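These notes are about the structure you will find just below.
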Amino acid sequence: MPRASTAGQMHLHPSQAQEALIISGILGSPMGTTHAIPKNIHRFWTGGPMSPAVVDELISDGLRAKRAGWTCHLWYSDEVERVLDSHLEGAIAKTKGVFIFSKRPQAPEDKRPLRAIQRRRLEQAGFRVLAIERLDSGGWLTKLASRAGHSALAGIWDDVKYFSDLARLLYLYFVGGIHMDVDISLGDMDLTQQYFHNDPAGQVPLMGSLLRDQRDALIPKLRYLKRIRQQSLLTQEEYDEYRDALRAAVTKGVNAAGMLNALIGSRGGTTHLKDAIAEYRRRTDGTGDFITGMGLAPILLLGSARAGNLDQALKWTVPPYLVRLDPDTEESNL
């Protein structure tokens, strides 16, 4: 008997919880365990001020998170900023005094007051603004931060970016929660839910980064998913396109877990995080060079022994809010 046509069928737009079940079916792997992830949102930014648009988004996120019982954190490096600020003060000092035989040089722009204003606004929105050095033990983190700051003075901001890769591992280990790059907003993420590791052992973090830059081929599908979230009912054609876009995002999320770290969620104190931090320290102590945090992805996924089923570990990284966030991809490039 031929199947009845569904051309005129309408579908309720799936809630995030229902969407998680669809994602689980796409993965062929269950979502959620007994290992809860604390209700903390962490971001890291150090150096100069952020763009006004990003600050406005963060304030909106902070107010919304606070109402839902979450805590937002903005971490920075006191030592990186000490190095940069000291250099700035020296440059400003050179423009003062009496210049008789030469023209007074132009003073560099001092953006520290704007940075301070932004942080006060974030605190008023419920953010805790914290120096990452409070998690230092024995001074090794401060030494790394000093090296990153001096690299930034030489125009090498990648070292600050790599330092931030370490910072996110540290606050996830000591505090727990979800790290998001500053250019990712909460979007339609359901903050009424408690989130859990998918890994039954509670070691593999949730990841879910989808975009590397604004040229990513996935962007049209993410825009489609965002647009139709405003609709309570979907036609069959829209629902089929929704499923197709969601499958593409899930596939990208799995494949990107070993390459992108703009999103990491974990309970605190896991062995995987501890071992990844130890490996980062071992490598930087041994070479004197910074490393990208995603070089530690095998440890986050499989532990220091790097043994186990990698394909399954990658599936465990996919969060139920995978396509609910609003990602940008420019501001977090420090």
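The values are calculated or read from the model by the stated rules, or taken from the named source; none is laboratory data. Since the model is a prediction, treat every value here as computed from it, not as a measurement. Here the Cβ is made from the backbone with ideal geometry for all residues, glycine too, and neighbour counts use every protein chain on show. Calculation scope for accessible area: heavy atoms of the full protein, side chains included, ligands and nucleic acids excluded. Shrake-Rupley method; radii C 1.70, N 1.55, O 1.52, S 1.80 Å.
Against the test of being of a type in the set (Gly, Ala, Ser), in a helix (DSSP H, G or I), under 19 Å from LEU74 (Cα atoms) and in contact (Cβ under 8 Å) with a residue 12 or more places away in the chain, the options GLY149, GLY187 yield a single qualifying residue, GLY149.
Assessment of the stretch 94-116 against the conditions (at pLDDT 95 or above and either of a type in the set (S, T, N, Q) or crowded, with 18+ Cβ neighbours inside 10 Å (or both)) yields at least one matching residue.
Scanning the stretch 236-278 for residues that are outside any helix (DSSP H, G or I), open to solvent by less than 50 Å² (accessible area, probe 1.4 Å) and at pLDDT below 95 yields a count of 5.
For the stretch 174-184, filtered to residues that are β-branched (Val, Ile, Thr) and part of a loop (DSSP other than H, G, I, E, B), the residue that is farthest from the chain's Cα centre (by Cα) is VAL175. Just so you know, in the stretch 39-54 the residues that are part of a helix (DSSP H, G or I) and more than 23 Å from ALA145 (Cβ to Cβ) include one that is least open to solvent (accessible area, probe 1.4 Å), and it is ALA53. For the residues LEU169, LEU191, LEU135, LEU141, the requirement of being over 17 Å from ARG267 (Cα atoms) and touching a helix residue (DSSP H, G or I) at 6+ places or on another chain (Cβ under 9 Å) singles out LEU141.
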